[in-house]
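Written out below as structure tokens is the structure these notes cover.
The values are calculated or read from the model by the stated rules, or taken from the named source; none is laboratory data. Not measured: the values here are computed from a predicted model. All Cβ positions, even for glycine, are placed from backbone atoms using ideal geometry, and neighbour counts span all protein chains on display. The protein model used for the area step is the full one, side chains on, heavy atoms only, and it has no ligands, DNA or RNA in it. Shrake-Rupley method; radii C 1.70, N 1.55, O 1.52, S 1.80 Å.
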Amino acid sequence: MEVEAVEVRCKETCFVQGKLTAWRLAAKELHLEDEGTAQVVLQETERLELGKSSRLVGNFDSEKELFLLFS
């Protein structure tokens, strides 16, 4: 399954089993299953759990951090 979104908000945990592409992800926890792939520019989470062959791309903490990178 593939999901594309501008913003993803989860009150507790966001589980990714397939592919997620999003500008912003806000959740207490991001859990990527073994084959899960997340391409997230701004990740606002307290906890991150990755499976053995999962993949996370992006992962900036704030828009300020992203702005400083490109300035």
Of the residues that sit in segment 40-58 and are under 20 Å from residue 5 (Cβ atoms) and hydroxyl-bearing (Ser, Thr, Tyr), which one is nearest to the chain's Cα centre (by Cα)? 45
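Taking the options 33, 7, name whichever one is more than 12 Å from the chain's Cα centre (by Cα) and open to solvent by less than 100 Å² (accessible area, probe 1.4 Å). If you could, list the steps in order and put the result at the bottom.
On the way: 7 fails: more than 12 Å from the chain's Cα centre (by Cα).
Exactly one residue qualifies, and that residue is 33.
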Select from segment 10-27 the residues that are touching a Lys or Arg at 6+ places or on another chain (Cβ under 7 Å) and open to solvent by 60 Å² or more (accessible area, probe 1.4 Å) and list them in ascending order. 12
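I'd like to check which strands (runs of 3 or more DSSP E) are fully inside segment 1-48 and have at least 3 residues that are small (Gly, Ala, Ser).
Values: elements: 2-9, 13-16, 19-26, 29-32, 37-44.
The strands (runs of 3 or more DSSP E) meeting that bar number zero.
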